[in-house]
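Here the structure comes first, spelled out in structure tokens, and everything after it is commentary.
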Amino acid sequence: MTTIGPALARRDGAVAGVWGGLALTSGVALTATSGWLIVRAAERPVILTLLTAIVGVRAFGMARPFFRHLERLRSHDSALADLASARTEVYAALVPLTPARLGRRSRSAVLTGVVDDLTDVVEAHVRVRVPVLSAAVAAFFAIVLTGALEPRAGLVVAVEMVLVALTARVGLVREREAQPLLGAARAEVGRAAELVARHTLEVQAIGAAADVLGRLDRAHADLADALRRQSRGRALVTGGVLALTGAATIVMAAVATGSDLSAGVTALLVVVPAALADAVLPLADSVRAQARAEQSRLRVDALLDQAPAIADAGTAQPPSRAPHLVLEDVTAGWSADHVDVGPVDLDLPPGRRVGIVGANGSGKSTLLAVLARALDPLAGTYRVGGRDATELDTEAVRDLVAVVDDEPHLFASDVRANLLLARPDAQDEDLRGGLRVAGLGSWFDGLPDGLDTRLGAGGRGVSGGERARLALARAVLSRRPVVLLDEPVAHLDHATATQVMSDVWNATSGRSVVVVSHRQEGLDMVDTILDLTPTRKD
Amino acid sequence: MKPFDPRLLQVAPTVRRPVILLGAVAAGQGAAAIGLAFALARLVTDVVAHEDWVRSAGWVVVAFLVRAGLGMLVERVGASTATEVSAALRRGLLERWLAAPVEGRPDAEKASTLAVQGASAVEPYAARFLPALVAGVVVPVLAVSALLVVDPLSAVVVIATLPLLPLFAALIGRTTEDDTMRRWRALEQLAGHFGDVMRGLPTLVAFGRARRQVEVVRAVSEQDRLATMRTLRLAFLSSAALELLATISVAIVAVCVGLRLTHGSMTLHAGLLAILLAPEAYWPIRKVGAEFHAAADGATAISRLLEHSVDGAHSGGTPSGSGVPAVVVEGLGYAYPGSQARVIDDLSLTAGLGLTVVTGESGSGKSTLLDLVAGLRLPCSGTVEAGRVHYVTQRPFLPDGTITEALRMGNAPELTAQELWSALRQVGLDELVARLPDGLDTSLGDDGFGLSAGQRLRLGLARAVLSDAPVLLLDEPTAHLDREGSALVTGLLRNLAAERCIVAATHASELVATAEQHVHLGRTLAEVTA
């Protein structure tokens, strides 16, 4: 199991906390010595006797921005270093879990969630650890220095700080309680809005604007409710700190008047709690960041804390580059304790085309995952060229199979790089050939910069049909003898789907093909159809 | 960027009240801070003079409690203002798009980004930046006014130095603006890289390229760190400079006060008050600067959202929709946005009660014609008049709710279960639904995922049966059905055609054979054969 964030950065965080603490201490000292100075000046002494304090005020005034600057540089640098290593570690940990352990649909949404969660977790370094450490350092100095002037004053500050810590603790509990609710509410708002934004025409067509807006309104109301609940945590810390400061100021005034102290020292002690408030008020932010980071960490850990779907078994190489694939009595499931499909037999000699159909949940994609060696069979045997696939090197078996799924990713890079990942040694000539075979000839001719045209985020937009064909072009270029298509036309309209499927058959001629689809387009071209719809037992 | 765009209040009038309330609470908080300075100065003076300080202690407690209460209120009001603003913008946007023809909307990808992330980016702006902005305006004014009364000389010092802060900030901003913009863009690219590689992970794994990317991720994250730190170093330096400037300004006030105190020309109370009030004039302004980046993202998002909400070039695309079962199209011409070629040119068509079929090759504009009749696209020329329309698209819209919810969408909410079952029977789905464990309450997946295209279409047709619209438009109503299914649907349409005007785009010859009217769309000309 992978945990996020190495120990090294913790030391950096501590250093940043010390700088931050010194900045806050300078701030408190600035206010306190100013108070002393003013009161002392009002007694009209010889100016020379004030010089030490004047130098002190000036020093503290300059020290505060200086230390704060150091703290910021240090904390952000170490947070970014943590982010870099957390990203690398999590990415590497996700590789063996991909694709079978990322959920069955919307894998890209799951992965985007991981990106955001990691940022939240690492941000907690800057927004939680450093402010808390800084506040602790400032509180320590305040207790020691006021204690040196008058022990009971030190005690007052100490008690105040303990109560502040308790308040922050209660605030954290409040924020934690609101987090799951808030996450669910945000997700529902996103779903409701996205559904409308992506299907505006279809909603208008049936006159359902009021229905979808009603759902959005309900989602917004829930979100508002969740945010109000969440705000209680922060409100508690903000209000609590200020109220405690008021109380501490009064107690301090009582202590100071009850002792035999000079006027200047009395003034200094009375303003200390107010000055400390600036140091501990940022804890309200920390409490929120901490609750969010905890929630994010739970999600990431739950994702990473899974066993890979493939037991690293064999090292043998597959016997042939054009293998005969056979499933015998295979059952499989996305988790070890649940059978999603099977027992199933499937015979796929080189060049055979098989369509897999069946109702939702009948295990079409599960079966494809077994063929792609993304998932071990729970029972039965998967033979590749006559040998049990689990005895063979997983990577080598995967090298025989090209997968085209329903959400192929286009990287934010040019057309060339997007195709080369399927075959790094391909020449431009090959790439253009692959695009033509996949039915993208005229699309390619229309590109402004040919293979250098940028695609993906920030680049040229592509339609659903073009995206499916680009995935097909990758499969073609990879020269892998088996092509597995998982709902390749799921999101396309009828006319486009028919054309894409016809390009699929042209492009994959001579290869073994398995296509999973809940739609009819193109299924007339397969040699056999495997229907997974379970026969009713009741 | 504009710190506050007044168009926000025009476009989303419902946010006026929460925004004003938030502003009022933030201003009240600032006033309480000033009041606290008075109370604290009084307390210190009384304590130092060994006078009775119970009264001033009471004021201090009151001031702290008021500040605490307002502080809590700001959190709460800030949170609800944030959701109200983002919700109003999001709803306004979607409502507008739902009333607009295809030409008046961005594409689906852009639309969903705007509606989901765009509107959410407004939340920190409303919750954090707006109160900071109000405090940044109100508190310095209050502090300076109070100083003018208490100690005019200190007020003059503050008034003289205060403008240096924004000026200084603007100067730093100006000299680094180009550089900052360039860096932000580079940063976005570097930060985007990880997300891109993550979303593409299944693809990379499928082609055996994922492990090689681990080192790339490490290297790019490291570059990201260095680039971010270069940008941040500059930002932090300018913020430190501003803080130093504020500190020096307060120090000038303090020196003046100190000199006059030792000279005896000022009371202790006035002196204390002056040095407690002076910082109150500076920190709110620095706070506005500190929230600037959260604000800049939010303000950019707002202006982008407002652009889409304000331009009122098109009014709603849906025709008024009378109860008449008829469609009259005259001289209709249409070209897709950004294209000159007309996909439909000078088409006229009159359809009344009965079934009209539209045929033509793929790409001849059948679906587009139905979109135009439904008022979902703006014609380039000609006119369309139609009664109230229910339009079954090729992929009928299904929510991720139950079958009941899917059937009730756009229809009267009081439909009974019997009516729903009857509609399902007419499209041949009743047996399938009856076999489902939860029957009508069975949940469909997101966007109807899990239904075959044929089942989806039948659900769409059942919904059309339930609708009371006099005009039904159907796009390929038999496309995904087997022979038996098509025969059933053809029979159903014959029945419906007795009371409604039905226009169906189709390839199916059996449907064409039973139609009252047949329109064939050619490549360039539309010919009508009655």
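The values are calculated or read from the model by the stated rules, or taken from the named source; none is laboratory data. These figures come from a predicted structure and were not determined experimentally. We place every Cβ from the backbone using ideal geometry, glycine too, and count neighbours over all the protein chains shown. Accessible surface areas use protein heavy atoms only, side chains included; no ligands, DNA or RNA. Shrake-Rupley method; radii C 1.70, N 1.55, O 1.52, S 1.80 Å.
Heavy atoms of chains B and A lose about 10700 Å² of accessible surface on contact, summed over both sides with a 1.4 Å probe.
Dipole of chain B computed with +1 at Lys/Arg Cβ and -1 at Asp/Glu Cβ about the Cα centre; of B:231, B:159, B:85, farthest Cα towards the positive end is B:159. When GluC sites (Glu not before Pro) are flagged only if DSSP places them in a loop and at most 13 other Cβ atoms lie within 10 Å, the longest unflagged stretch of chain B comes out as B:52-360. Accessible surface computed residue by residue for the range B:32-90, with neighbouring protein chains in place and a 1.4 Å probe, gives 37 Å² per residue.
Once the Cα atoms are used to define both axes, helix A:263-280 deviates from the longest principal axis of chain A by about 10 degrees. From its DSSP helices (H runs of at least four residues, each -39,500 (n - 2.57)), chain A gives a residue-normalised ellipticity at 222 nm of -20500 deg cm²/dmol. Report the longest stretch of chain A that contains none of the trypsin sites (Lys or Arg not before Pro) sitting in a DSSP loop with at most 11 other Cβ atoms within 10 Å. The longest such stretch corresponds to A:1-535.
At a 1.4 Å probe, what is the % contribution of carbon and sulfur to the accessible area of the protein assembly as shown?
Details: 25600 of 44280 Å².
For the protein assembly as shown, the apolar C and S fraction of the accessible surface comes to 58 percent.
Its residues counted as N, the range B:380-485 yields a C-alpha radius of gyration over 2.2 N^0.38 Å of 1.10. Each Lys and Arg adds +1 at its Cβ and each Asp and Glu adds -1 at its Cβ; summed about the Cα centre, chain B shows a dipole of about 1520 debye.
Just which residues of the range A:77-103 lose 40 Å² or more accessible area with every protein chain there, against their chain alone, with the probe set to 1.4 Å? The answer is A:77, A:80, A:84, A:87, A:88, A:91, A:95, A:98 - residues whose exposure falls by at least 40 Å² when every protein chain is included.
Contact order, relative form, for chain A: 15 percent (alpha carbon pairs under 8 Å, 6 or more residues apart, mean separation divided by residue count).
Rounded to the nearest 10 degrees, the angle from helix A:130-149 to the longest Cα principal axis of chain A is 10 degrees.
Relative contact order for chain B using alpha-carbon pairs under 8 Å, separation at least 6, rounded to a whole percent?
Relative contact order comes out at 16 percent.
At the listed q of 0.09 Å⁻¹, the Debye profile of chain A, built from one uniform point per Cα, gives log10 I(q)/I(0) equal to -0.83.
For the range A:90-245, the fraction of alpha-carbon pairs lying more than 29 Å apart is 47 percent, rounded to a whole number.
So how many Å³ per residue does the convex hull of the Cα atoms of the protein assembly as shown work out to?
Details: hull volume 196.8 nm³, N = 1068.
Roughly 184 Å³ of hull volume per residue.
Only Lys, Arg, Asp and Glu carry charge here, each on its Cβ (+1 for the first two, -1 for the last two); on that basis the range A:8-304 has a dipole of about 300 debye about its Cα centre. Gyration tensor over the Cα atoms of the range A:8-304: the corresponding equivalent ellipsoid has semi-axes (square roots of 5 times the eigenvalues, largest first) of 49, 23, 16 Å. Where both bridge residues fall in the protein assembly as shown, DSSP classifies roughly 45% of the beta bridges as antiparallel.
Which whole-number percent gives the relative contact order of the range B:385-530, counting Cα pairs below 8 Å spaced six or more residues apart?
Numbers: 199 pairs, mean separation 41.3, N = 146.
Across the range B:385-530, relative contact order equals 28 percent.
Between A:453, A:348, A:332, whose Cα lies farthest towards the positive end of the dipole of the range A:325-531 when Lys and Arg beta carbons carry +1 and Asp and Glu beta carbons carry -1, centred on the Cα centre? The one lying farthest along the dipole's positive direction is A:453. In a simple Cβ point-charge model (Lys, Arg +1; Asp, Glu -1; nothing else charged), the range B:327-529 has a dipole of about 200 debye relative to its Cα centre.
Count neighbours as other Cβ atoms within 10 Å of each site's Cβ, and list the chymotrypsin sites (Phe, Trp or Tyr not before Pro) in the range B:94-164 that are DSSP loop with at most 11 such neighbours. It would help to have the intermediate numbers written out before the result.
Details: sites: B:97, B:125, B:129; in loops: none.
In loop regions of the range B:94-164 (DSSP not H, G, I, E or B), there are no sparsely surrounded chymotrypsin sites (Phe, Trp or Tyr not before Pro).
How far, in degrees from 0 to 90, does helix B:152-161 lean away from the longest principal axis of the Cα atoms of chain B, to the nearest 10? Compared with the principal axis, the helix lies near 50 degrees.
For chain B, what does the helix formula give at 222 nm: sum of -39500 (n - 2.57) over DSSP H segments with n ≥ 4, over the residue count, nearest 500 deg cm²/dmol? Could you put the intermediate results ahead of the total?
On the way: 18 runs with 324 residues, N = 530.
Result for chain B, helices only: -20500 deg cm²/dmol.
Toward the positive end of the charge dipole of the protein assembly as shown, with +1 on the Cβ of Lys and Arg and -1 on the Cβ of Asp and Glu, the farthest Cα among A:392, B:514, A:296 is that of A:296.
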